[in-house]
1. Quick one: which helices (runs of 4 or more DSSP H) lie wholly within region 175-240 and hold at least 3 residues that are among the aromatic types (Phe, Trp, Tyr) and at pLDDT 95 or above?
2. When you scan region 352-375, do you find a residue that is at pLDDT 95 or above and closer than 30 Å to Trp150 by Cα, even just one?
3. In region 210-232, is there at least one residue being in contact with a Lys or Arg (Cβ under 6 Å, 6 or more places away or on another chain) and assigned by TED's automatic domain parsing to the domain that holds Pro143?
4. Give the residue, chosen from Ala157, Ala165, that is part of a loop (DSSP other than H, G, I, E, B), of a type outside the set (Asp, Glu) and either free of Cβ contacts under 8 Å to residues at least 12 places away in the same chain or in contact with a Pro (Cβ under 8 Å, 6 or more places away or on another chain) (or both).
5. When you scan region 92-112, do you find a residue that is modelled with pLDDT of 95 or more, surrounded by fewer than 20 Cβ atoms within 10 Å (Cβ to Cβ) and over 22 Å from Leu168 (Cβ atoms), even just one?
6. Restricting the search to region 275-300, which residues are under 18 Å from Leu182 (Cβ atoms) and at pLDDT below 95?
7. Which condition number does Pro318 fail, the rest of (1) surrounded by fewer than 16 Cβ atoms within 10 Å (Cβ to Cβ); (2) modelled with pLDDT of 95 or more; (3) closer than 20 Å to Gly10 by Cβ being met?
Amino acid sequence: MSALTWIAAGSLAAWVWLLLGQGFFWRTDVRLPGAGGTAAGPEAVPAGKHGKHGKGGKGGKATVSGGEDSGWPPVAVVVPARDEAAVLPVSLPSLLAQEYPGRAEVFLVDDGSSDGTGELARELAADHGGLPLTVSSPGEPEPGWTGKLWAVRHGIALARDRTDARWLLLTDADIAHEPDSLRELVRAARAADLDLVSQMARLRVTTGWERLIVPAFVYFFAQLYPFRWVNRPGGRTAAAAGGCVLLRREAAERAGVPDSVRHAVIDDVAVARAVKRSGGAVWLGLADRVDSVRPYPRLGQLWRMVSRSAYAQLLHSPVLLLAAVAGLAVVYLAPPAALAAGLLTGHAPTAAAGGAAWALMAATYVPMLRYYRQTLWLAPLLPFTALLYLLMTVDSAVQHYRGRGAAWKGRTYAAPPRAGRAARRAAADSCPSARS
């Protein structure tokens, strides 16, 4: 029992540190800065700081539009979509109905869909009206590109050629926005002089498996990328949530986005990292009025969602995989095992350490369950959920070595070429999962 007691004590120490030293990741109060603004216009950005480059790119003459005169810059909304006919009737009308005081235009990029996504988008625009919609297709991705980023590249190019948009809203086809979503994003970005503002959309939680796995998905993401660390000026941690990213066009050009991250499977984090490394200010928080409408009713669907990118999160490193498995086992699985063993054998120190660690673990999960409006009885089940994520991560590595890693919607993406030692060290330094 002495070994298990030490493991339980180590787990308890880890939870004390996670509670206090990991950027208060468990709190859910990081929301859009200054939410609740009115249509009077965002706070003005100091002259000459960001508004000096127009459509012509760096060094070009600023383009002035009616939206710019009113304090609301023109925006291009880019929506990459591949086989999204099932969710588009809910998500696309919400974008077309945006109540934005400036000028905005939606570019839906049909990435080789086989279910009539593009035609459905045109029908929805004809039925609902609202913001102008352009539907286009970029063709198959060139070698070295993931499909989503290839579509985003095409959409940004269209926006650059056809509009004078100063901001880009990159949003997934399964994301529904409240009517004031775009206005509040732009207002917050301008008020705080940010280059990238991203909201973690509230995912659908309806079925039993969704209740068990989805809140934990966001909880683990926040643990890897504490929002307060992401939002800290000058900090190394960078992340975004790909479903809702408002990006200053000038910052995208300065960071070379999306070309500089064209091979990234976890594209949202890669984009945020590129923007932050180029000197941009990044903000990430939880959403109140942006929701994912994609259903994941069965365990297999949730499993594929997690496993397709879990090993990429570990930089395709067997060493980091072993470290992650060991860490999950000690931090999440050891506490209930120690409590049970201590109670069965009457060994009070083991039971006390395991029970205290389990209680701390459950307590840190409560705010996320409240955010998702779920019963708090799910909090003690977090070790079981963590076990599922452990198995998904291992399966992600297995599929990678079988040549089926990062498979999504009929495409499989190989790991990018290995970088040099210095580059890999820099990547690990900026990736919390590689340090844990």
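1. Of the helices (runs of 4 or more DSSP H) lying wholly inside region 175-240, those with at least 3 residues that are among the aromatic types (Phe, Trp, Tyr) and at pLDDT 95 or above span 208-224.
2. Filtering region 352-375 for residues at pLDDT 95 or above gives 352-375.
Filter once more, keeping what is closer than 30 Å to Trp150 by Cα: none.
Looking through region 352-375, none of the residues is at pLDDT 95 or above and closer than 30 Å to Trp150 by Cα.
3. Step one: filter region 210-232 for residues in contact with a Lys or Arg (Cβ under 6 Å, 6 or more places away or on another chain), giving none.
So far as region 210-232 goes, no, none of its residues is in contact with a Lys or Arg (Cβ under 6 Å, 6 or more places away or on another chain) and assigned by TED's automatic domain parsing to the domain that holds Pro143.
4. Values: Ala157 fails: part of a loop (DSSP other than H, G, I, E, B).
Result of the check over Ala157, Ala165: Ala165.
5. So far as region 92-112 goes, no, none of its residues is modelled with pLDDT of 95 or more, surrounded by fewer than 20 Cβ atoms within 10 Å (Cβ to Cβ) and over 22 Å from Leu168 (Cβ atoms).
6. Residues satisfying the conditions are Asp288, Arg289.
7. Evaluating Pro318 over (1) surrounded by fewer than 16 Cβ atoms within 10 Å (Cβ to Cβ); (2) modelled with pLDDT of 95 or more; (3) closer than 20 Å to Gly10 by Cβ leaves (3) as the failure.
Listed here are the residues, each with its yes/no results for (1) assigned by TED's automatic domain parsing to the domain that holds Arg304; (2) under 21 Å from the mean Cα position of the chain (by Cα); (3) at pLDDT 95 or above.
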site: Trp377; (1), (2), (3): yes, no, yes
site: Leu387; (1), (2), (3): yes, no, yes
site: Thr393; (1), (2), (3): yes, yes, yes
site: Ala422; (1), (2), (3): yes, no, no
site: Arg425; (1), (2), (3): yes, no, no
site: Ala428; (1), (2), (3): yes, yes, no
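The values are calculated or read from the model by the stated rules, or taken from the named source; none is laboratory data. Fair warning: this is a prediction, and the values are worked out from it, not measured in the lab. Every residue, glycine as well, gets a Cβ built from its backbone with ideal geometry; the counts of neighbours run over all protein chains shown.
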